[in-house]
Amino acid sequence: MAVGAVTFGIMALILANGFIEWIFFDFRESTIKSQSGHLQIVRPGYHDSGKANPFAFLLPDAVPELETPGEPHQIKSIVPRISFSGLISHDEATISFIGDGDDPRRQRDFGDGLRISAGKNLSAGDPLGIIIGEGLAHNLGVDVGDKVVLLATTASRGTNAVEVTIRGLFSTVTKSYDDAALRIPIETARRLLRTEGSHVWAVMLNDTAQTDSMLASLRSRLQKDLEIVPWYALADFYNKTVTLFTKQIHGIRLIIAVIIILSITNTMTMSVMERIGEIGTSLALGVKRAGVMRLFVSEGVLIGCIGGIFGVLLGLLFAYIISSIGIPMPPPPGMTHGYTGQILVTWETIRDSLALAIGATLIASIYPALRASQMQIVDALRHNR
């Protein structure tokens with residue numbers, strides 16, 4: 001019963017923790033691929049003051065060589081991006097938007113973070129084709145193939161307009177962004193704003209784990225008038241979501257630990273009561289009280305080890321089965337589309353689960369072990385008569 005309780009608790013913890021880990025992973029990668037990239041190279045102060053005076057923070061048009069010969073190939077792509085805002089019109093409707101001018105050829109290296117729900121993505125062969133967020137398209141009453149007019153303020157403080165065609169609709173992990181955002185080819189954006197250069201060089205790496213090492217490398221090589229910002233410094237919604245879910249996982253761990261402690265304490269206490277005569281005999285034969293205590297503590301830890309290992313194995317098995325089938329999930333708050341969840345079991349999850357199993361059973365066995373070691377020999381020998 002004790003091993004079963006530990007096994008079930010650890011299996012439940014692995015599945016719950018694995019589901020949250022997958023959400024973190026998917027949310028992180030979607031945020032990186034759809035919006036920020038792994039690193040952003042900007043002028044110092046752009047993210048604080050760039051929205052008020054964007055043309056004061058323009059980068060030169062040429063992207064510097066960021067990889068030296070012989071260095072491991074960590075950078076997958078560098079995409080220049082220019083950000084702006086303005087008005088978008090269709091027939092009698094006019095609403096505001098936030099826009100990004102991207103290089104269509106390099107933007108594909110960002111993968112599927114930007115989900116194209118209808119139509120096609122940006123194309124270098126169609127400079128007047130744009131993609132807009134699903135919410136913005138709904139608010140404006142447009143669809144793929146419709147023509148719209150973009151109006152924006154130029155670098156000389158004048159106004160300029162361009163007529164473009166909607167190539168596709170997209171969605172990201174943030175509904176509020178989809179309700180106001182659009183993407184256009186960067187050359188068209190520069191022509192609309194009558195400027196050159198870009199605001200951001202979005203750096204896409206081959207592996208998110210390389211972010212910090214590449215950040216240090218770039219900061220040591222690039223000139224001081226450039227600032228390198230990692231993705232996690234820009235992902236405020238992601239960071240708050242991770243904080244919330246992490247606290248929930250801590251609560252689950254606490255509940256499971258309490259369940260294990262209570263079940264093991266009850267089981268070990270019953271074991272002590274059933275073996276009072278054996279304990280008395282052992283003490284009469286010269287076994288020290290510390291030895292009796294070690295015996296019961298060792299039994300408790302052994303239960304934790306066996307239950308923990310079984311729980312990990314069953315957790316891995318069910319994680320594989322569930323991930324193969326998928327977990328249909330409704331749209332969470334702030335998103336318009338549901339998703340199919342999976343279970344992502346990491347080595348950290350396995351390590352923490354085993355530590356919880358062993359630690360909880362160790363704590364649970366202390367009281368029964370103390371009770372067994374403090375028995376009076378005469379009363380213990382007399383117990384079974």
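The values are calculated or read from the model by the stated rules, or taken from the named source; none is laboratory data. Quick caveat, the model's predicted, so the values are computed rather than measured. Cβ coordinates were reconstructed from backbone atoms using ideal geometry, including for glycine residues, and neighbour counts include every protein chain displayed. These accessible areas exclude ligands, DNA and RNA; they are computed on the full protein's heavy atoms, side chains included. Shrake-Rupley method; radii C 1.70, N 1.55, O 1.52, S 1.80 Å.
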Study note, to complete from the structure: Within segment 279-292, the residues that are within 13 Å of GLN376 (Cα to Cα) and open to solvent by less than 30 Å² (accessible area, probe 1.4 Å) are ILE279, GLY280, LEU283, VAL292
Practice item. Confirm whether SER198 is over 16 Å from PRO104 (Cα atoms) and at pLDDT below 90. Key: no
Exercise for review: Examine segment 193-209 for a residue that is touching a residue at least 12 places away in the same chain (Cβ under 8 Å), open to solvent by less than 50 Å² (accessible area, probe 1.4 Å) and of a type in the set (Lys, Arg), and state whether such a residue exists.
Suggested key: no
Point to revise | Selected residue (only one of GLY341, GLY300, GLY307 is among the small types (Gly, Ala, Ser), under 30 Å from ASP179 (Cβ atoms), modelled with pLDDT of 75 or more and surrounded by 15 or more Cβ atoms within 10 Å (Cβ to Cβ)) | key: GLY341
Point to revise | Qualifying position, being modelled with pLDDT of 90 or more, assigned to a helix (DSSP H, G or I), open to solvent by 30 Å² or more (accessible area, probe 1.4 Å) and among the hydrophobic types (A, V, I, L, M, F, W, C), among LEU295, LEU316 | key: LEU316
Study note, to complete from the structure: Taking first residues from segment 142-164 that are at negative phi and at pLDDT below 90 and second residues anywhere that are open to solvent by 80 Å² or more (accessible area, probe 1.4 Å) and of a type in the set (Phe, Trp, Tyr), the pairs with Cβ under 7 Å that are 6 or more apart or on different chains are none
Check your understanding: If we keep just the residues of segment 178-189 that are crowded, with 19+ Cβ neighbours inside 10 Å and not hydrophobic (A, V, I, L, M, F, W, C), which is farthest from SER156 (Cα to Cα)?
Key -> ASP178
Exercise for review: Please indicate, with yes or no, whether at least one residue in segment 245-265 is in contact (Cβ under 8 Å) with a residue 60 or more places away in the chain, closer than 30 Å to GLN35 by Cα and surrounded by 15 or more Cβ atoms within 10 Å (Cβ to Cβ).
Suggested key: yes
Review point. In segment 293-315, is there at least one residue being of a type in the set (Lys, Arg) and under 46 Å from the mean Cα position of the chain (by Cα)?
Key: yes
Check your understanding: Which of (1) assigned to a helix (DSSP H, G or I); (2) of a type outside the set (Val, Ile, Thr); (3) within 20 Å of TYR46 (Cβ to Cβ); (4) touching a Pro at 6+ places or on another chain (Cβ under 8 Å) is the odd one out, the single condition TYR177 does not satisfy?
Key -> (4)
Check your understanding: Filtering segment 220-241 down to residues that are small (Gly, Ala, Ser) and under 27 Å from PHE24 (Cα atoms), which residue is least open to solvent (accessible area, probe 1.4 Å)?
Key -> ALA235
Review point. Restricting attention to segment 170-224, which residues are of a type in the set (Phe, Trp, Tyr) and within 20 Å of SER77 (Cα to Cα)?
Key: TRP201
Review point. For segment 235-254, how many residues meet the condition of being in contact with a helix residue (DSSP H, G or I) (Cβ under 9 Å, 6 or more places away or on another chain) and assigned to a helix (DSSP H, G or I)?
Key: 11
Point to revise | Counted residues, segment 30-54 - those being within 16 Å of ARG194 (Cα to Cα) and either buried (at least 18 other Cβ atoms within 10 Å of the Cβ) or at pLDDT below 75 (or both) | key: 1
Revision key, fill the gap. Considering segment 165-180, residues that are at pLDDT below 90 and polar (S, T, N, Q), and then whichever is nearest to THR94 (Cα to Cα), we arrive at SER176
Exercise for review: Filter segment 131-156 for residues that are within 14 Å of ARG190 (Cα to Cα) and either part of a strand (DSSP E or B) or of a type outside the set (S, T, N, Q) (or both) and give the result.
Suggested key: LEU150, LEU151, ALA152, THR153, ALA155
Review point. List, please: which pairs have Cβ atoms under 7 Å, are six or more places apart or on different chains, and start with a residue in segment 215-234 that is part of a helix (DSSP H, G or I) and end with one that is modelled with pLDDT of 80 or more and surrounded by fewer than 15 Cβ atoms within 10 Å (Cβ to Cβ)?
Key: TYR232/ASN239
